[in-house]
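Below: one structure, written as structure tokens.
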Amino acid sequence: MDVHNIVMDDPERGIFRVHRSALTSDEVFELEQRRIFDHSWLYFAHESELRNPGDYRRRTIAGRPMFIVRGKDGEVRAFLNTCTHRGALVCRHDEGTAESFQCFYHGWTFNNRGELAGLPGSDAYAEAFDRRELGLKPVPRLESYRGMYFVSMDPGIPDLVTYLGGLRHYIDLTMDSAEALGGWEVVAGTAKFTIKANWKLIVENSLDAYHLPTVHQTYVDYMDTRLEAVGASRMQMQSRLSGQSNGVSYPRGHGGFLHFAPGRTIANLSPLWSESAQTEVTRIREELIQRYGVERGSEMADRSRHLLIFPNLLFQDSHTGFRFRQIWPVSPSELRVEQYDLVPRDEQPELRSYRLEWSRAFLGPGGLATPDDVEALESCQKGYGARELEWNDLSRGMHRQPLASDEVQIRGFWRQWHYLLGGRPAGSEAGDRPPAPVPVHA
């Protein structure tokens with residue numbers, strides 16, 4: 001398949017379009033697996049899930065069964081989840097703590113450092129048989145950044161810090177914001193669901209503030225009803241929630257949109273939270289400013305960050321909570337979502353309860369926003385059956401300083417996608433350059 005013309009990118013005219021075959025073609029889907037997912041850093045787990053020796057998590061990454069475990073020596077390792085004897089899965093539970101993993105097929109046993117520790121009837125093997133050669137197969141690359149463990153199947157990929165580039169500025173703001181509260185930890189339980197749409201559509205959707213007032217009107221109406229019940233003014237709430245927003249795009253396909261909303265945790269914005277919870281959020285904000293200074297501390301406390309770590313990790317730190325959403329392609333017309341909520345480890349129980357309530361009400365699988373998004377994405381996928389209309393348009397905001405409702409961050413994703421697929425020359429994948437970070441003042 002000729003992928004060179006699958007993206008129409010004309011900055012001079014302000015036109016950017018993507019051919020719909022990118023969202024429907026079996027051939028494109030297969031190319032993505034080999035050229036994108038096999039050559040990117042892919043999120044695996046958070047350090048809070050691997051706190052103690054023996055702690056492990058089992059997941060499927062880029063179509064491969066894997067597990068990650070903290071060994072008895074304290075080192076974290078990631079392995080392909082297949083027995084070196086005959087191939088059966090060695091780790092058979094999604095999470096837990098174990099000193100060793102025994103293949104149920106023939107009983108080969110591996111310790112939590114991946115070494116072949118024992119096998120039944122070892123005297124049946126010749127002298128040349130060396131069990132040191134038959135330890136579990138490590139994933140080619142494993143690195144961590146700010147508590148997030150990533151793997152890659154590409155041994156030659158640049159290190160993770162280089163890969164993340166300028167996006168680290170925003171990641172650090174979120175990670176530092178919970179340091180005084182024991183750092184972030186993943187809440188027990190994982191939301192998993194499928195959508196009958198191409199995986200790139202939910203990536204677009206998650207970077208897209210343009211659709212919020214139309215698709216999520218149900219959520220807006222719900223909040224209006226709750227606020228009116230406690231005597232809140234809708235106009236007052238809208239004026240406090242409104243603020244400066246902008247989109248950012250970085251090389252290697254990373255990007256997102258930022259929204260300035262004083263009291264980002266919503267406690268300072270909503271009378272629905274108790275007075276004690278609002279007081280605690282105010283205290284935390286003041287502590288961040290004292291610790292990091294007015295500019296940085298205010299940016300931590302007062303700005304929502306909806307980020308994409310290319311290709312498929314959504315890093316969403318917003319007034320509805322903080323979560324990772326990982327998007328996995330299943331077929332050209334189906335995707336799988338795995339969602340993990342994070343909270344500060346030493347946060348007050350009441351505040352944690354409010355945070356999770358808001359997160360689930362908006363972006364939980366049964367919340368008020370996710371079903372709306374699912375309906376929109378599945379509607380798009382069905383619309384691509386009208387093959388006579390060949391192009392999607394993503395030109396919004398090409399000739400102005402990008403707003404959050406523009407599509408600069410989505411174009412950045414598509415440029416990197418097109419480059420890795422083989423359709424753009426080396427050096428052209430960065431595309432739009434990010435604006436300088438906008439300082440937030442108290």
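Among the residues of segment 129-154, what is the count of those that are of a type in the set (D, E, K, R) and either under 25 Å from G63 (Cβ atoms) or part of a loop (DSSP other than H, G, I, E, B) (or both)?
Residues of segment 129-154 that are of a type in the set (D, E, K, R), as a first pass: 130-133, 137, 141, 143, 146, 154.
Right, trim to either under 25 Å from G63 (Cβ atoms) or part of a loop (DSSP other than H, G, I, E, B) (or both) and you get 130, 137, 141, 143, 146, 154.
Looking only at that region, the number is 6.
Can you name every residue in segment 290-311 that is crowded, with 18+ Cβ neighbours inside 10 Å and among the hydrophobic types (A, V, I, L, M, F, W, C)?
Within segment 290-311, M300, A301, L307, L308, I309, F310 qualify.
Is it fair to say G74 is outside any strand (DSSP E or B), of a type outside the set (V, I, T) and more than 27 Å from the chain's Cα centre (by Cα)?
No: the conditions fail for G74.
Identify all residues within segment 192-206 that are surrounded by fewer than 19 Cβ atoms within 10 Å (Cβ to Cβ) and assigned to a strand (DSSP E or B); write none if there are none.
K192, F193, T194
Answer yes if at least one residue in segment 218-227 is under 24 Å from the mean Cα position of the chain (by Cα) and in the same structural domain as C380 (by TED's automatic domain parsing), and no otherwise. Outline the logic, then answer.
Going through segment 218-227, the residues under 24 Å from the mean Cα position of the chain (by Cα) turn out to be 219.
Pick out the ones that are also in the same structural domain as C380 (by TED's automatic domain parsing) and you get 219.
So far as segment 218-227 goes, yes, one or more of its residues are under 24 Å from the mean Cα position of the chain (by Cα) and in the same structural domain as C380 (by TED's automatic domain parsing).
Consider R132 carefully, then state whether it is surrounded by fewer than 13 Cβ atoms within 10 Å (Cβ to Cβ) and either in contact (Cβ under 8 Å) with a residue 40 or more places away in the chain or of a type in the set (D, E, K, R) (or both).
The answer is yes for R132.
Within segment 22-42, can one find any residue that is touching a Phe, Trp or Tyr at 6+ places or on another chain (Cβ under 6 Å) and among the small types (G, A, S)?
So far as segment 22-42 goes, no, none of its residues is touching a Phe, Trp or Tyr at 6+ places or on another chain (Cβ under 6 Å) and among the small types (G, A, S).
Out of K196, K200, I need the residue that is touching an Asp or Glu at 6+ places or on another chain (Cβ under 8 Å), assigned by TED's automatic domain parsing to the domain that holds G297 and closer than 30 Å to N392 by Cβ. Which one? Lay out the reasoning, then the answer.
Values: K200 fails: touching an Asp or Glu at 6+ places or on another chain (Cβ under 8 Å).
Going through K196, K200 in turn, the sole match is K196.
The values are calculated or read from the model by the stated rules, or taken from the named source; none is laboratory data. Only a predicted model underlies this, so the values are computations on that prediction, with no experimental measurement involved. Counting neighbours? That spans all protein chains shown, and the Cβs are built from the backbone with ideal geometry, glycine included.
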